[in-house]
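The block underneath contains the structure these notes are about, expressed in structure tokens.
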Amino acid sequence: MLEDEKGEGSALAIETSGLTRVYKVGPHDVLALRGVSLTVDAGCFVALKGRSGSGKTTLLNCIGGLDRPTAGSVSIFGRELLKMSERELTRWRREQVGFVFQSFALLPTLSAFENVELMPRMAGRRRRECNQRTESSLDLVGLRKWMHHRPYEMSGGQQQRVAIARALANGPRLILADEPTGELDSSTARDILGIFQRIVREQQVTVLMVSHDSLVDEFADRVYHLADGQIID
């Protein structure tokens, strides 16, 4: 983690038990997750793979507190998410979780530095600390020389590096990545996966990634396969 103390916690980064998520679509119930029980050790790089509609993103959203399961439990470093209020969840996500998306989700009018610096600033950190964290995060992904460029001046791989730096800026314990290589060519995807692997090794951050990319098998410590809302491996 980037010069931040998050306190002692469980050796398990993620633990779900009987996780079920039902969506109402018109008069019908759609079962997106069917009793998923999953454990992820702290400081590991874990991938979730499966076909579209298998429940990967729903599971990721429940683990990140972006969606509430219909039944079951989610514990992150020993803390039960369902016992937290929306306000507590918002603060928890801001301080302890970094999110990386397929579409990069960068603000186009802001430079790389400004996109990354936005996170510690929103967390209420002082300007000097915001600057230090932003520069450290951009250094970690190899983009210090590009910090004043805007997204449209960058390649897709560089934009995703900015997104990873942004996810790191508040010193999270957990990074959740949803198809982060989905819009990248295989060579660039390999570079991005290597960055995630290095973050896990050097920063002791836990990474849980949803991916269709077969390359992820070379980098992840563990790969789980989902089908029809259940873990099959």
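Ratio of Rg to Rh for the chain, alpha carbon only, Kirkwood? Don't jump to the answer; show the numbers that get you there.
On the way: Rg = 17.3 Å, Rh = 18.0 Å.
Expressed as Rg/Rh, it is 0.96.
Counting each DSSP H run of 4 or more residues in the chain as -39500 (n - 2.57), what helix-only mean residue ellipticity at 222 nm follows after dividing by all residues, to the nearest 500 deg cm²/dmol?
On the way: 7 runs with 79 residues, N = 233.
Computed ellipticity for the chain at 222 nm equals -10500 deg cm²/dmol.
Label 7 Å along Cα→Cβ of MET122; the range 163-188 residues with amide nitrogen under 18 Å?
163-178
Please find, in a Gaussian network model of the chain (springs between Cα atoms separated by less than 10 Å), the residue of HIS148, HIS212, HIS28 whose mean-square fluctuation is greatest.
Of HIS148, HIS212, HIS28, the most mobile in the Gaussian network model is HIS28.
Among SER17, SER103, SER187, which one moves the most in a GNM of the chain with springs linking Cα atoms closer than 10 Å?
Maximum among the listed residues: SER187.
Residue separation times 0.36 nm, minus the C-alpha to C-alpha distance between GLN132 and GLU218: what's the value? Show your work: numbers first, answer last.
Working: separation 86, 0.36 × 86 = 30.96 nm, distance 3.26 nm.
Length gained between GLN132 and GLU218: 27.7 nm.
MET84 label point, 7 Å along Cα→Cβ, cut-off 16 Å on backbone N: hits in the range 142-175?
The answer is 170-175, whose backbone nitrogens lie closer than 16 Å to the label point.
Quick one: work out the % antiparallel among DSSP beta bridges in the chain, nearest 5.
Working: 20 of 38 bridges.
So the antiparallel bridges amount to about 55 percent of the total.
Choose one answer from THR20, THR206, THR109: the residue with the largest mean-square fluctuation in a GNM of the chain with alpha-carbon springs under 10 Å.
Highest fluctuation of the listed residues: THR109.
Indicate the gyration tensor shape class of the range 17-106 (rounded, prolate or oblate), computed on the Cα atoms with a ≥ b ≥ c the square roots of the eigenvalues: a/c under 1.5 is rounded; otherwise a/b larger than b/c is prolate and the rest oblate. Don't skip to the end; give the middle numbers.
Values: a/c = 1.39, a/b = 1.26, b/c = 1.11.
Since a/c stays below 1.5, the shape of the range 17-106 is classed as rounded.
Sort 40-47, 53-60 by packing, meaning the average of other beta carbons within 10 Å per residue, with the highest value first. Let's see the in-between values first.
Working: 40-47: 19.1, 53-60: 21.9.
Final packing ranking: 53-60, 40-47.
Would you work out the relative contact order for the chain, in percent, from Cα pairs under 8 angstrom that are 6 or more residues apart?
31
How far is helix 156-168 tilted off the main Cα axis of the chain, in degrees rounded to 10, range 0 to 90?
Orientation of helix 156-168: about 80 degrees from the principal axis.
Since every read-out is calculated from the coordinates, none of them should be taken as a lab result. These numbers come from a predicted model, not from an experiment. Cβ atoms come from the backbone with ideal geometry, glycine included; neighbour counts cover every protein chain shown.
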